[in-house]
Every structure is written in structure tokens, then in C-alpha cells.
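Shown next, in C-alpha cells, is the structure this report addresses.
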């Protein structure tokens, strides 16, 4: 479960954890709507593609303290994106369920 500690709002009740390179590369491709959490060994600039994910996502980048450092509001299918800030965690959240539940500066609990 993912919760926003700042607003006390529930963001996700169930999500997939992608901790390996293969799971992160596969991500949500060819899956029904679900939320995904990626954990990286070290903070880094994150590059994503949304190929073969047939629904828009909200992308949330977190630092090592699980503080939101960047939010991509609408990551459309069949597009590319790279973060401007380094992150240790990345959330791929389905829209419209997650819309607006995370803002830069919020702290999350994964």
C-alpha cells in the first residue's frame, strides 16, 4: 500500500514491485491497469517509455527519503520521458484514480 504521509491520503491499495532490471524493463507493458513501484540501488535520472501500455499514467519520482521530487501529470501511451531530477523510487500510477494525490514536497510511505 502507498500512502501520502503529508496529506494522509491513500494513493494505492495494491501495486506491483519492480526491483530487478528485467521487471523494470517490462514494467506495465501488456498489463491491465495497475500501479507499479520501481526501486533503484542508487538515485539516478530515470528514462521511461510507455510503449505497449495502453492507458495514461501519472509518474512520481521520489528521493531516498521517499520525498516527491518530480511528478509527470500525464504520461501518454507510446511516448518517451526522462526525469529532470534524480530518484531512488519511481511510481507508475493509473489515471484518473491517482490524479492529484502526489505533489512535489510530499512524503510517501511505500
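Which ordering of 5, 41 is given by a fewest-first count of other beta-carbon atoms within 10 Å?
On the way: 5 12, 41 7.
Starting with the residue having the fewest Cβ neighbours, the order is 41, 5.
So if each residue of separation counts as 0.36 nm, and I subtract the Cα-Cα distance between residue 9 and residue 39, what length gain in nm does that give?
Numbers: separation 30, 0.36 × 30 = 10.80 nm, distance 2.16 nm.
Here the segment from residue 9 to residue 39 would lengthen by 8.6 nm.
With springs only between Cα atoms under 10 Å, which of 16, 59, 45 fluctuates most in a Gaussian network model of the chain?
Among 16, 59, 45, the largest mean-square fluctuation in the Gaussian network model of the chain belongs to 45.
What number results when the radius of gyration of the chain, computed over Cα atoms, is divided by 2.2 N^0.38 Å?
0.95
Based on the Cβ-Cβ distance from residue 21 to residue 104, what FRET efficiency comes out when R0 is 22 Å, to the nearest 0.05?
Values: r = 27 Å, r/R0 = 1.24.
Step by step, r from the Cβ atoms, then E = 0.20.
For a quick check, take a GNM of the chain with Cα springs below 10 Å and name the residue from 14, 73, 33 with the largest mean-square fluctuation.
Residue with maximal mean-square fluctuation among 14, 73, 33: 14.
Over the chain, what is the mean sequence separation of C-alpha contacts under 8 Å (at least six apart), divided by residue count, expressed as relative contact order in percent?
Working: 255 pairs, mean separation 35.1, N = 110.
Relative contact order for the chain comes out at 32 percent.
Taking the chain as a Gaussian network, where each spring joins two C-alpha atoms under 10 Å apart, which residue of 27, 100, 87 fluctuates the most?
Highest fluctuation of the listed residues: 100.
No lab work stands behind these numbers, since they all come straight from the coordinates. Fair warning: this is a prediction, and the values are worked out from it, not measured in the lab. Virtual Cβ from ideal backbone geometry, glycine too; neighbours counted across all protein chains shown.
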